[in-house]
Amino acid sequence: KFVPPGEVTGSHDLTAAVGMGKLCPIIVSTTPIDGQKPGTSGLRKKVKEFMQENYLENFVQSTFDAVKASGTDVTKGSLVIGGDGRYFNDKAIQTIIKMGVANGVKRFWIGQDGLLSTPAVSAVIRERGPGWQSAFGAFILTASHNPGGPDEDFGIKYNGEHGQPAPEKVTDEIYANTCSIKSYKICKDFPTIDVSIPGTTNVKADDGSSEVNVEVISATDNHVELLKSIFDFPAIKALLDRKDFTMVYDTMYGVNGPYAKKVFVEELGQPEEICMNATPMDDFNGGHADPNLTYAKELVAKMGLDRNGMKIDVPAGSKIPDFGAAADGDGDRNMILGKQFFVSPSDSLAVIVANADAIPFFRTQGGLKGVARSMPTSGAVDLVAKDLNYSLFETPTGWKYFGNLMDSKELFGGEDYTPFICGEESFGTGSNHVREKDGIWAVLAWLQILAVANPDATQPLTTVEDIVTAHWRKYGRNYYSRWDFEGVDKVKATAMIDKMRSDAEANTGKTVGKYKIAKADDFTYVDPVDGSVSKNQGIRFLMEDGSRIIFRLSGTAGSGATVRMYIEQYEPEKIDMVASEALGDLIRIALDLCDINGFLGTEEPTVIT
Ligand code: G6P
Ligand code: ZN
């Protein structure tokens, strides 16, 4: 049934409609919906908000329009869709397919059961081919480590042709589009795809003029093949086969379970028990799939630790694994633990960089060249980079800043391929094998380092703690702690940050306790590749002795605001202190400098990592 042009509600697109049958696009009129601005990592809102009429559709159409405007031809190549399996994933996938067809996409790759971890999406985009078929981009359906379920969060983000998160100029355009959108396109008659079975569905226009292929692909194959090409799996297997070595990997009912099983059970021949909570659930079993000492409670207890990362007394004879790791909902984060030993993400990054030659991927490419960390991440990795002569970059929080560095030929003498490792204090670590952080990559990197440190199975085990302690002995220790104040008043929190920004100049040169503030500022980043400037990335108090106090507002907070306070103190020799004690003075000074009590009426953080 055709309606005259101009009347858009539910009408067929007259120019495209004749003879299109199931591929016939319909134009549906809509109006802008407030608040669709993508944050640090895509748009994240409550499921209920996403399920409102036109909410998802407005955002998806705005994304297609921005992607096309940035020069991508969506009619060539494949569009990847997959997510962390949270509630509403299944419905959103079908909507995006139907809208994709209406917007001209001819090929889709959908992760089986709708699942694809965030790093796996990046791997699929980069690795799956050939040529004309390879992917031009992806929709990733995830709210990362935020809780899932009908009353919790859903999220969506777009990644581009190198597997990287959409850059700010694209996300800004998406947002602008959501503010002016009048209609969206959808093929309502396109069949619903059964995503549980691998295989291809071909849908033809009635008149044969056009065809769309939707292929349900293995969620794990491309990523796991890539990991096998990076690490020495036989050496890791030899370590795991040792009678005196046990490990557990807690994937917290998130998407990484199937990847963990494929790697550890299928490829490395280990017992299933290694993989804890490895069946993805749409509400993460009611938990908070965030790999840190507070939320990965079950694993932390199993490893003989408390929520501060301190050893707890365990009954004599209890068997604590030698290695423990956890992942978040979408599989890009990692936490690394030894037997009764917590490795802070900043230290983990520094140790991996210091031992990069243990990993064939770097060794065979002539060695690591570039290293990057986000500004609030501790300077532990800086010491290694300086020692081993790697280029070092300090970026704002957010993985997208790393991609530009990795893809730059200019920064690294015109080479196509730059061996690169980067990481953040927020439990993210990765390399240039993909353009997202990669949880299982970090786990395998540690196992590879352990394997190289333990070449002889008849010798006593060199442990995670041994490796980290030796590292501190060589480089000194950057004591580090992050305090989060979640769910605080946004206006008041912003006022607190504003005050520190305007006082920055006056604070420079002041003495606070035993520290002298060498410089106070609000971090500005100038991208060395394209010269783009990112301002207001966090208040820094840089002390004369190298210690740092940093404040910023989270860019991923669900409701209200989250203040993050980061404390770092470097000790060249005293490496055996308890972190909370080593940092006691500096924490007191930080609380006074920001006057969080005055602004927000509290000095009690909700999470300490
Ligand atoms: C996501 C991003 C990271 C970022 C983290 C915390 O995981 O991918 O790059 O470090 O969120 O961001 P936030 O703004 O909440 O501190
Ligand atoms: Zn994540």
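The values are calculated or read from the model by the stated rules, or taken from the named source; none is laboratory data. Keep in mind the model is a prediction, meaning the values are calculated, not measured. Note that we place each Cβ from the backbone using ideal geometry, even for glycine, and neighbour counts take in every protein chain shown. Note: accessible area is taken over every heavy atom of the protein model, side chains too, but ligands, DNA and RNA are not part of it. Shrake-Rupley method; radii C 1.70, N 1.55, O 1.52, S 1.80 Å.
Can you name every residue in the stretch 111-134 that is open to solvent by 10 Å² or more (accessible area, probe 1.4 Å) and either assigned to a strand (DSSP E or B) or of a type in the set (Lys, Arg) (or both)?
Gln112, Asp113, Leu115, Arg126, Arg128
Check the stretch 240-248 and report whether any residue there is closer than 21 Å to Leu116 by Cα, assigned by TED's automatic domain parsing to the domain that holds His433 and among the hydroxyl-bearing types (Ser, Thr, Tyr).
Taking every residue of the stretch 240-248 in turn, none turns out to be closer than 21 Å to Leu116 by Cα, assigned by TED's automatic domain parsing to the domain that holds His433 and among the hydroxyl-bearing types (Ser, Thr, Tyr).
When the stretch 323-343 is examined, which residues are found to be away from ligand 2 (no atom under 16 Å from the Cβ) and open to solvent by 20 Å² or more (accessible area, probe 1.4 Å)?
Lys339, Gln340, Phe341, Phe342
Within the group Gly137, Gly129, Gly160, Gly149, which residue is away from ligand 2 (no atom under 16 Å from the Cβ) and within 16 Å of the chain's Cα centre (by Cα)?
The unique qualifying residue is Gly160.
Residue check: is Gly366 open to solvent by less than 10 Å² (accessible area, probe 1.4 Å), over 29 Å from Ile539 (Cβ atoms), away from ligand 2 (no atom under 16 Å from the Cβ) and touching a residue at least 40 places away in the same chain (Cβ under 8 Å)?
no
Which residues, taken from the stretch 417-428, are farther than 16 Å from Asp382 by Cβ and at pLDDT 95 or above?
Listed by number, the residues that qualify are Ser426, Phe427, Gly428.
Identify all residues within the stretch 324-361 that are within 16 Å of ligand 1 (Cβ to nearest atom) and assigned to a helix (DSSP H, G or I); write none if there are none.
Within the stretch 324-361, Pro345, Ser346, Ser348, Leu349 meet the criteria.
For the stretch 585-609, how many residues are farther than 25 Å from Pro291 by Cβ, open to solvent by 60 Å² or more (accessible area, probe 1.4 Å) and polar (S, T, N, Q)?
Qualifying residue count for the region: 1.
Could you check Lys46 against (1) open to solvent by less than 10 Å² (accessible area, probe 1.4 Å); (2) under 21 Å from the mean Cα position of the chain (by Cα) and say which number it fails?
(1)
Which strands (runs of 3 or more DSSP E) sit wholly inside the stretch 180-221 and have at least 3 residues that are surrounded by 15 or more Cβ atoms within 10 Å (Cβ to Cβ)?
Once the strands (runs of 3 or more DSSP E) in the stretch 180-221 are filtered for at least 3 residues that are surrounded by 15 or more Cβ atoms within 10 Å (Cβ to Cβ), what remains is 183-186, 211-217.
Among what's in the stretch 539-584 and is buried (at least 21 other Cβ atoms within 10 Å of the Cβ) and of a type in the set (Gly, Ala, Ser), pick the residue that is farthest from Gly487 (Cα to Cα).
Out of the qualifying residues, it is Ser547.
Out of the stretch 62-85, which residues are outside any loop (DSSP other than H, G, I, E, B), open to solvent by less than 10 Å² (accessible area, probe 1.4 Å) and more than 16 Å from ligand 2 (Cβ to nearest atom)?
Those that are outside any loop (DSSP other than H, G, I, E, B), open to solvent by less than 10 Å² (accessible area, probe 1.4 Å) and more than 16 Å from ligand 2 (Cβ to nearest atom): Ser62, Thr63, Phe64, Ala66, Val67, Ser78, Leu79, Val80, Ile81.
Within the stretch 408-415, is there a residue that is within 16 Å of ligand 2 (Cβ to nearest atom), open to solvent by 10 Å² or more (accessible area, probe 1.4 Å) and part of a loop (DSSP other than H, G, I, E, B)?
Within the stretch 408-415, not a single residue is within 16 Å of ligand 2 (Cβ to nearest atom), open to solvent by 10 Å² or more (accessible area, probe 1.4 Å) and part of a loop (DSSP other than H, G, I, E, B).
Have a look at Glu436, Glu394, Glu424 and point out the one that is within 16 Å of ligand 1 (Cβ to nearest atom), open to solvent by 20 Å² or more (accessible area, probe 1.4 Å) and in contact (Cβ under 8 Å) with a residue 12 or more places away in the chain.
Glu394
When you check Lys510 against the structure, is it without any contact (Cβ under 8 Å) to a residue 12 or more places away in the chain, over 30 Å from Thr556 (Cβ atoms) and not assigned by TED's automatic domain parsing to the domain that holds Met303, yes or no?
Yes; evaluated as a whole, the condition is true for this residue.
Looking at Phe154, Phe108, Phe88, Phe139, can you tell me which residue is open to solvent by 10 Å² or more (accessible area, probe 1.4 Å) and not basic (Lys, Arg)?
Unique residue meeting the criteria: Phe88.
How many residues, within the stretch 439-468, are in a loop (DSSP other than H, G, I, E, B), open to solvent by less than 50 Å² (accessible area, probe 1.4 Å) and β-branched (Val, Ile, Thr)?
Of the residues in that region, 2 qualify.
Regarding the stretch 366-387, can at least one residue be identified that is within 16 Å of ligand 1 (Cβ to nearest atom), within 24 Å of Asp232 (Cβ to Cβ), in a helix (DSSP H, G or I) and under 22 Å from the mean Cα position of the chain (by Cα)?
Scanning the stretch 366-387, I find at least one residue that is within 16 Å of ligand 1 (Cβ to nearest atom), within 24 Å of Asp232 (Cβ to Cβ), in a helix (DSSP H, G or I) and under 22 Å from the mean Cα position of the chain (by Cα), so the answer is yes.
What are the residues in the stretch 265-283 that are without any contact (Cβ under 8 Å) to a residue 24 or more places away in the chain and among the aliphatic types (A, V, I, L, M), if any?
Result: Val265, single match.
Are any residues in the stretch 573-590 over 29 Å from the mean Cα position of the chain (by Cα) and outside any loop (DSSP other than H, G, I, E, B), and if so, which ones?
Glu581, Ala582, Gly584, Asp585, Leu586, Arg588, Ile589
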